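Before any comments, here is the structure.
The values are calculated or read from the model by the stated rules, or taken from the named source; none is laboratory data. Nothing here was measured: the structure is a model prediction, and the numbers come from that model. Note that each Cβ is placed from the backbone with ideal geometry, even for glycine, and that neighbours are counted across all protein chains shown. In case anyone asks, the SASA skips ligands and DNA or RNA and just uses the protein heavy atoms, side chains included. Shrake-Rupley method; radii C 1.70, N 1.55, O 1.52, S 1.80 Å.
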Amino acid sequence: MINLNVVSRIAEDKNSFPSLIEVLHTLKSEGITDVNILFIGAIYSQQVYQNILNLANKLGVSSNVTFTKTSIPLHDLDETVRNGYFINFTIGQFTGFSGLEGIRHGLKTILYNVDSTWENELSNSIAYCRTTAELTALIKAIRANQTKLDEEIKSSNHELINKFTLDPSSSKKLLDIMLPDKSVN
């Protein structure tokens, strides 16, 4: 069983969810039915929520889609959920805070581009999926060799987080520059 988790409020401005339902449908049409999506977040738009349910029902994957209907802090998620894969929507190379937060919590985070105008601008990292086809291929690869892909995703996540954070020495130097009159230890 492959568990995909999407941490996001269900709202009008966050409506890239149908493409994930289409991924489930593509997988199902290839005989792959052991992939589930859990949407973790409050429902701000009944219309968007209903559209997701309607599409999942129409494409025959409604049994593979569930919702918490409430926001849950990452550290409060149960172990089964934490062991899944966290899909984080990106626009090109722009990675939001939630993706970085997931990586910092040690979660296997897959960054999924939802803007086709940027699909050629993305990293070749295994944890970046430029298109729905790449996300589908990654899920199939995980099914084929989960242990290997888990390590590759974690390694990619580690490289990504290092691009956004400072090591302790660099952090101290920066603080010394920003706060020259105060000693920072």
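Quick rundown of the values:
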read-out	value
Single condition F67 does not satisfy, out of (1) open to solvent by 10 Å² or more (accessible area, probe 1.4 Å); (2) of a type outside the set (V, I, T); (3) over 15 Å from the mean Cα position of the chain (by Cα); (4) within 16 Å of T132 (Cα to Cα)	(4)
Sole exception among (1) of a type in the set (D, E, K, R); (2) at pLDDT 80 or above; (3) open to solvent by less than 90 Å² (accessible area, probe 1.4 Å) for E119, by number	(2)
Filter result for the condition that a residue is at pLDDT below 95 and surrounded by fewer than 15 Cβ atoms within 10 Å (Cβ to Cβ), over D13, D34	D13
Leading residue by the ranking (modelled with the lowest pLDDT) among those in region 16-31 that are in contact with a helix residue (DSSP H, G or I) (Cβ under 7 Å, 6 or more places away or on another chain) and among the hydroxyl-bearing types (S, T, Y)	S19
Region 72-110 - residue that is aromatic (F, W, Y) and modelled with pLDDT of 90 or more and, of those, surrounded by the fewest Cβ atoms within 10 Å (Cβ to Cβ)	Y85
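Residue-wise test of (1) among the polar types (S, T, N, Q); (2) within 17 Å of the chain's Cα centre (by Cα); (3) closer than 21 Å to D13 by Cβ.
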| site | (1), (2), (3) |
| --- | --- |
| N36 | yes, yes, no |
| F39 | no, yes, yes |
| A42 | no, yes, yes |
| S45 | yes, no, yes |
| V48 | no, no, yes |
| L53 | no, no, yes |
| N57 | yes, no, no |
| S62 | yes, no, no |
| I72 | no, yes, yes |
